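One structure is given here, and the rest of the page talks about it.
The values are calculated or read from the model by the stated rules, or taken from the named source; none is laboratory data. These figures come from a predicted structure and were not determined experimentally. Positions of Cβ are generated from backbone atoms using ideal geometry, with glycine treated the same way; all protein chains shown enter the neighbour counts. The protein model used for the area step is the full one, side chains on, heavy atoms only, and it has no ligands, DNA or RNA in it. Shrake-Rupley method; radii C 1.70, N 1.55, O 1.52, S 1.80 Å.
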Amino acid sequence: MANTSSRTLRLLSLLQTHRYWPGSELAERLEVSVRTLRRDVDRLRELGYPVEAHRGVDGGYQLAAGAALPPLVVDDEEAVALAIGLRAAAQGAVAGIEESSISALTKVVQVMPPRLRRRVDALQAVTVPATTVDNGPQVEAGVLTTVAQACRDEERLRFTYVARQGEHSDRHVEPHRLVSLGRRWYLVAYDLTRQDWRSFRLDRLSEPRGTGARFRPRALPAENAAEFVRQGIGSIQTTYTAQAVIEAPAERVRATIGRWGTVEELGTGRCRLTMTTDSLHWAALALGSVGAEFRVLGPPELAGHLREVGARFTRAAAKAS
């Protein structure tokens, strides 16, 4: 049986069809008793939802026609979190819930205040997904929404940027698109100072501010924004081919790693895992998630990274004891 919170949400979802539900049918749908159903209906009323009850042998429930439902109370950061999470799920980041995520995102946007809805719409309109695996740093919600709105409104943008070498610089750009690449966000824009196209990691970008100046979009020198970012990353990023022998059945390792690696059976209860990644942290995380003994075949950098991580965990465990 579902817990009370999820059951209440399910009840609200059924009532929002605005059809009349006989009490017995509604209770059967929710797999609860009629008495429990009455308590759930009372809980919705306490939250401000106008649920009408019809008593008698054929008694049931219906959401009041034309009633104004309570507003969705979320701040800007929560609105961005909803948009990012549901949009990612709708694109297949979590298998099997794409249609439900699209439905949920539609419902959420419909009840959002116009100010929050504009931010969500801006984020959806200018983001190009490019699926990969990576463990990137977090981006402030305010940075994300400000940049997204500048892309949507074709408004020139100024911000401070920190390069890979740690150098700070002030940038003046014509923002084109946001690209979500794994867990990193990138801005593709035309740099007005350098007179060339650039991609900027949003976690290195601070104090973005619109200038009020509009611009006519230029032709991007790539098939799309995601491809432009990939080309730029490929020219500077180190790629590792990680290999390890794992003391676990191949089927178990495949079920854990999924499509992020190739698993070769070496015998009963043993297999070889091969992954191509630009993140040693991700390789360590994937190996650890299997929950079995393993031996690293390469590269040497991975073994060094595991030693560093292992020492860190050992120190943490010693402090906790």
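Go through the residues of region 30-45 one by one and say whether even a single one is open to solvent by 60 Å² or more (accessible area, probe 1.4 Å), over 16 Å from R7 (Cα atoms) and outside any helix (DSSP H, G or I).
no
Quick check on region 253-272. Is at least one of its residues at pLDDT below 90, more than 26 Å from the chain's Cα centre (by Cα) and polar (S, T, N, Q)?
Yes, there is a match, as at least one residue in region 253-272 is at pLDDT below 90, more than 26 Å from the chain's Cα centre (by Cα) and polar (S, T, N, Q).
Any residue in region 7-35 that is under 17 Å from H54 (Cα atoms) sitting within a Cβ distance under 8 Å of a residue that is of a type in the set (S, T, N, Q)? List the pairs, counting only those 6 or more apart or interchain.
Close Cβ pairs satisfying both conditions: L15/Q62; H18/Q62; R19/Q62; Y20/Q62; W21/Q62; A27/S33; A27/T36; V34/S24.
For region 168-210, which residues satisfy the criterion of being among the aromatic types (F, W, Y) and either loosely packed, with under 11 Cβ neighbours inside 10 Å or within 20 Å of G142 (Cβ to Cβ) (or both)? So that I can check it myself, show each step before the final result.
Applying the first criterion (among the aromatic types (F, W, Y)) to region 168-210 yields 185-186, 190, 197, 200.
Matches in region 168-210: W185, Y186, F200.
Among the residues in region 255-271, are any in a helix (DSSP H, G or I), touching a helix residue (DSSP H, G or I) at 6+ places or on another chain (Cβ under 7 Å) and not hydroxyl-bearing (S, T, Y)? It would help to see each step written out before you state the result.
Step one: filter region 255-271 for residues in a helix (DSSP H, G or I), giving 255-260.
Still in the list and also touching a helix residue (DSSP H, G or I) at 6+ places or on another chain (Cβ under 7 Å): 256-257, 260.
Next cut, not hydroxyl-bearing (S, T, Y) only: 257, 260.
Yes, because at least one residue in region 255-271 is in a helix (DSSP H, G or I), touching a helix residue (DSSP H, G or I) at 6+ places or on another chain (Cβ under 7 Å) and not hydroxyl-bearing (S, T, Y).
Whether any residue in region 211-225 is under 27 Å from L280 (Cβ atoms) and crowded, with 21+ Cβ neighbours inside 10 Å is what I want to check. First the steps, then the outcome.
Looking only at region 211-225, we keep the residues that are under 27 Å from L280 (Cβ atoms), and these are none.
No, region 211-225 contains no residue that is under 27 Å from L280 (Cβ atoms) and crowded, with 21+ Cβ neighbours inside 10 Å.
For A311, indicate whether it is modelled with pLDDT under 90, within 27 Å of the chain's Cα centre (by Cα) and open to solvent by less than 70 Å² (accessible area, probe 1.4 Å). First the steps, then the outcome.
Working: modelled with pLDDT under 90: yes; within 27 Å of the chain's Cα centre (by Cα): no; open to solvent by less than 70 Å² (accessible area, probe 1.4 Å): yes.
For A311, the condition - modelled with pLDDT under 90, within 27 Å of the chain's Cα centre (by Cα) and open to solvent by less than 70 Å² (accessible area, probe 1.4 Å) - is not met.
Please state which one of A248, A317 is among the small types (G, A, S) and either surrounded by fewer than 13 Cβ atoms within 10 Å (Cβ to Cβ) or under 29 Å from R164 (Cβ atoms) (or both). Give the derivation first.
On the way: A248 fails: either surrounded by fewer than 13 Cβ atoms within 10 Å (Cβ to Cβ) or under 29 Å from R164 (Cβ atoms) (or both).
After applying the criteria, what remains is A317.
Among the residues of region 143-162, how many are modelled with pLDDT under 85, within 14 Å of R201 (Cα to Cα) and not small (G, A, S)?
The qualifying residues number 2.
Going by the conditions given, is T238 at pLDDT below 90, of a type in the set (S, T, Y) and in a loop (DSSP other than H, G, I, E, B)?
Working: at pLDDT below 90: yes; of a type in the set (S, T, Y): yes; in a loop (DSSP other than H, G, I, E, B): yes.
Against the criterion (at pLDDT below 90, of a type in the set (S, T, Y) and in a loop (DSSP other than H, G, I, E, B)), T238 qualifies.
For region 275-295, give me each residue that is open to solvent by 40 Å² or more (accessible area, probe 1.4 Å) and free of Cβ contacts under 8 Å to residues at least 60 places away in the same chain.
Residues of region 275-295 that are open to solvent by 40 Å² or more (accessible area, probe 1.4 Å), as a first pass: 276, 278, 281-282, 285, 288-289, 291, 293-295.
T276, G288, S289, G291, E293, F294, R295 - these are the residues of region 275-295 that are open to solvent by 40 Å² or more (accessible area, probe 1.4 Å) and free of Cβ contacts under 8 Å to residues at least 60 places away in the same chain.
Among the residues of region 13-28, which ones are surrounded by fewer than 17 Cβ atoms within 10 Å (Cβ to Cβ) and modelled with pLDDT under 85?
Residues of region 13-28 surrounded by fewer than 17 Cβ atoms within 10 Å (Cβ to Cβ): 13-14, 16-20, 22, 24-25, 28.
Across region 13-28, the qualifying residues are S13, L14, Q16, T17, H18, R19, Y20.
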